[in-house]
Amino acid sequence: MSEIKIQEKTPVSERKMAVQVDDLTVAYNYKPVLWDIDLEIPEGVLMAIVGPNGAGKSTLIKAILGILKPIAGSVTIYGKPYDEQRKLVAYVPQKGSVDWDFPTTALDVVMMGTYGSLGWIKRPGLKEKKSSLEALEKVGMLAFKNRQISQLSGGQQQRIFLARALVQDASIYFMDEPFQGVDATTEIAIINILKELRKAGKTVIVVHHDLQTVPEYFDWVTFLNVKKIATGPVKDIFNDDNLTKTYGINYKVSIQE
Amino acid sequence: MNNAQIEIQLIASLVAIACAIPGTFLVLRKMAMISDAISHSILPGLVVGFFITQDLNSPLLILLAALTGVITVVLVERIQKTGLVKEDTAIGLVFPALFSIGVILIAKNANDIHLDVDAVLLGELAFAPFDRIFISGIDVGPKSLWIIGIILSITIGLLFAFFKELKISTFDAGLAASLGFSPALIHYGLMTVASVTTVGAFDAVGAILVVALMIAPAASAYLLTTDLKKMLGLAVIFGVFSAISGYWLAHWLDASIAGSITTMLGLLFLVIYLFAPSKGLIAVMYREKQQRTEVSLLTFLLHLKNHTETRERHVNHLQEHINWQKVRAKTVLDLALKNNMILIDKNIVSLTQKGDEFTSKAIDYIITNEDAQIEDMKDDFFLFRG
């Protein structure tokens with residue numbers, strides 16, 4: 001606990017950098033979708049990545065995690081390349097990126113989160129099962145552990161994905177639109193868990209669509225539209241100017257309340 | 001049964017198992033058609049392999065042919081990646097081209113090569129026991145049995161070693177990549193196994209039956225289970241069942257063994273497609289009918305809840321008020337009575353306490369979509385099964 005206290009008191013400017021992105025350019029079929037991105041994400045922030053459709057938000061996460069190969073630039077996690085730091089990172093892909101008719105149960109999907117620490121060939125055992133059940137309990141899905149995943153509602157599926165990330169016990173969490181297609185209750189449940197993670201000193205990076213909730217949910221924000229528009233504390237940079245630069249239309253102050 | 005009959009059934013069963021394992025993952029990856037492509041395009045690999053080795057039994061020949069299978073997959077992906085055509089079109093472009101090269105190569109050398117297109121496409125299981133392996137003069141069994149036995153052992157070994165990796169990369173390639181399990185490596189590993197199996201099996205059962213043995217048992221199993229391990233097990237059982245029953249069908253009809261096995265696979269799928277307990281056609285139709293009845297029931301209960309005046313609740317007025325036909329009104333009335341949700345007193349219908357609570361809960365669920373509290377209702381009513 002004492003460690004966490006120190007973490008919270010440390011001014012952001014003096015914290016370690018959890019993620020550092022330098023001159024990152026990613027292209028699909030020679031068309032750049034991310035142009036020369038420089039980005040520093042300090043440890044212990046809950047950060048939203050916002051921007052219009054096609055701004056490259058998901059692409060940025062995928063490039064950081066090595067799922068997509070950039071044509072230029074580099075990414076470090078706590079000062080080292082991603083390949084060496086895999087175990088510090090958990091990833092929640094978009095819900096729509098998988099086939100929910102796949103023959104497997106909720107518990108089994110959560111256990112997939114433990115595969116990374118197991119490495120090749122080794123199989124999950126009792127220890128992995130226990131931590132997966134704990135993660136399921138944390139997201140309020142323990143009662144559904146043996147349910148086939150197609151029998152779950154959209155919000156429940158998203159909670160399963162979150163549990164799968166929690167079970168990795170990582171330092172940095174990347175989430176691609178975790179609030180997409182979930183009901184209000186689930187949205188609150190998810191954001192509460194994310195805030196808990198931040199309290200425990202973790203770094204959480206979320207691709208987010210709903211601009212209304214940015215000030216309420218997040219303390220850090222990155223504006224992205226192929227290029228990086230701005231990044232920093234929500235209270236300093238979440239303003240009309242940056243919104244207009246990112247979305248290309250005039251935004252009224254009202255959005256901030 | 002004589003020895004040859006037992007051997008044929010044994011070969012057919014081993015081929016079925018060897019096909020069902022990669023087939024299950026192909027079906028789950030929605031790549032069933034790629035097995036069709038592989039089974040045809042290995043032909044040029046076989047012919048070239050034969051030119052080099054001059055020996056149809058050579059392992060090098062099997063490896064060369066399997067390599068053509070993997071090349072097929074790579075070519076399909078390359079063409080698809082240009083974004084100019086979709087995957088099915090790319091498959092349709094690649095395998096006929098490779099297959100035709102094989103056909104021309106055979107035709108040009110038809111006189112001195114012991115290979116013909118019919119044998120490649122259809123195989124001839126009945127002849128398999130005649131082609132035997134002798135070790136220092138001792139008969140150790142049919143060649144096909146040895147080839148498929150070795151391939152099957154390798155496939156099972158790989159499945160046990162990499163089951164976890166296959167599962168995660170099939171379900172969620174993005175997560176697999178972020179955890180350090182290269183989805184590309186696993187993908188090409190699976191394609192190599194599928195190619196080697198196809199080459200090893202086609203000699204005994206022909207290229208077309210190989211496709212049927214890969215896809216049909218897995219597709220049938222998919223309709224019956226929601227557990228990957230059980231799906232693999234069922235696919236293996238269905239494959240072996242079709243292989244053996246197909247053999248006896250051929251025996252009885254005096255027809256092609258490969259053709260009969262494929263027929264059995266088709267029949268098996270048809271039966272499961274119709275009668276599978278939850279995903280089958282009949283189960284789905286029954287469920288939809290139940291759902292219709294339950295929506296009607298709920299509409300009816302809500303009507304009772306909303307109207308206290310007796311003329312709205314008279315049995316004979318139900319039809320005109322909710323605008324239902326007689327049969328439907330009776331079904332709904334019976335269902336509500338059976339569940340103790342209504343009372344009928346002098347032809348006036350009223351809600352019981354249970355009916356009242358049920359209606360409130362159901363409406364609450366529909367409005368809020370909060371399903372935790374009505375978990376117990378789900379078993380009674382299909383409507384609430386999400």
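The values are calculated or read from the model by the stated rules, or taken from the named source; none is laboratory data. Note that the structure is a prediction, hence the values are computed from the model and not measured. In this analysis, Cβ positions are derived from the backbone assuming ideal geometry, glycine residues included, and neighbour counts consider all displayed protein chains. Please note that ligands, DNA and RNA were not included when accessible areas were found on the heavy atoms of the full protein model with its side chains. Shrake-Rupley method; radii C 1.70, N 1.55, O 1.52, S 1.80 Å.
Helices in chain B, meaning DSSP H runs of at least 4 residues, each add -39500 (n - 2.57). Divided by all residues, the mean residue ellipticity at 222 nm is -24500 deg cm²/dmol. Note on A:Asp23: accessible area approximately 80 square angstrom, rounded to 10, probe 1.4 Å, nucleic acids and ligands left out. For A:Asp176, the shell of other residues with beta-carbons less than 14 Å away shows a net charge of +2, using +1 for Lys and Arg and -1 for Asp and Glu. In a reduced charge model with +1 at each Lys and Arg Cβ and -1 at each Asp and Glu Cβ, the stretch A:11-60 shows a dipole moment near 260 debye about its Cα centre. Solvent-accessible area lost on pairing B with A (1.4 Å probe, both sides summed) amounts to about 3000 Å².
Using a probe of 1.4 Å, the accessible surface attributed to B:Ile237 totals some 100 Å² when neighbouring protein chains are kept in position. The label point for B:Thr331 and the one for A:Gln212, both projected 7 Å from the Cα toward the Cβ, are 4.1 nm apart. Which trypsin sites (Lys or Arg not before Pro) from the stretch B:249-307 combine a DSSP loop assignment with at most 16 other Cβ atoms within 10 Å? Hits after loop and neighbour filter: B:Lys279.
Which stretch or stretches of the stretch B:24-59 have amide N atoms under 17 Å from the point lying 7 Å from B:Ile104's Cα along the Cα→Cβ direction? So the set is B:41-49. In the stretch A:61-138, what percent of the accessible surface is made up of carbon and sulfur (1.4 Å probe, ligands and nucleic acids excluded)? Taking all protein chains in place, the stretch A:61-138 shows 53 percent carbon and sulfur surface.
In the protein assembly as shown, one over the average inverse separation of all distinct C-alpha pairs is 28.8 Å, which is the Kirkwood hydrodynamic radius.
From Cα pairs below 8 angstrom and at least 6 apart in sequence, can you work out the relative contact order of the stretch B:3-279, rounded to a whole percent?
Numbers: 410 pairs, mean separation 80.6, N = 277.
With pairs under 8 Å counted, the relative contact order is 29 percent.
Put simply, the amide H of A:Met175, placed in the peptide plane, has neighbours under 5 Å in A:Val92, A:Ile205, A:Val206, A:Val207, leaving out anything fewer than 5 places away on its chain. Electrostatic bookkeeping for A:Gln94 treats Lys and Arg as +1 and Asp and Glu as -1; over the other residues with beta carbon under 10 Å from its beta carbon, the sum is -1. For the peptides B:39-45, B:306-312, B:2-8, the ranking by mean Cβ contacts within 10 Å, running from highest to lowest, is B:39-45, B:2-8, B:306-312. A crude spin-label estimate for the pair A:Thr244 and B:Asn316, with each label 7 Å from Cα along the Cβ direction, gives 7.4 nm. Rounded to the nearest 0.05, the FRET efficiency derived from the C-beta distance between B:Phe134 and B:Leu60 at R0 = 35 Å is 0.95.
Placing pseudo-labels 7 Å out from each Cα toward the beta carbon at B:Leu93 and B:Asp254 gives an inter-label distance of 4.9 nm.
The local environment of A:Asp22, defined by Cβ-Cβ distances under 13 Å, has a net charge of -3 under the rule Lys, Arg +1 and Asp, Glu -1. Residues of the stretch B:326-364 with an amide N closer than 14 Å to a point placed 7 Å from the Cα of B:Thr299 along the Cα-to-Cβ direction: B:326-333. Taking the Cβ-Cβ separation of B:Tyr286 and B:Val85 as r and a Förster radius of 51 Å, what is the calculated FRET efficiency to the nearest 0.05? It comes to 0.80. GNM remark for chain A: springs join alpha carbons under 10 Å apart, and the peak mean-square fluctuation among A:Trp35, A:Trp100, A:Trp220 falls on A:Trp100.
Out of every Cα-Cα pair in the stretch B:3-279, what percent are more than 25 Å apart?
Summing the P(r) tail past 25 Å for the stretch B:3-279 gives 46 percent.
To the nearest ten degrees, helix B:59-81 and the longest principal axis of the Cα atoms of chain B are 50 degrees apart.
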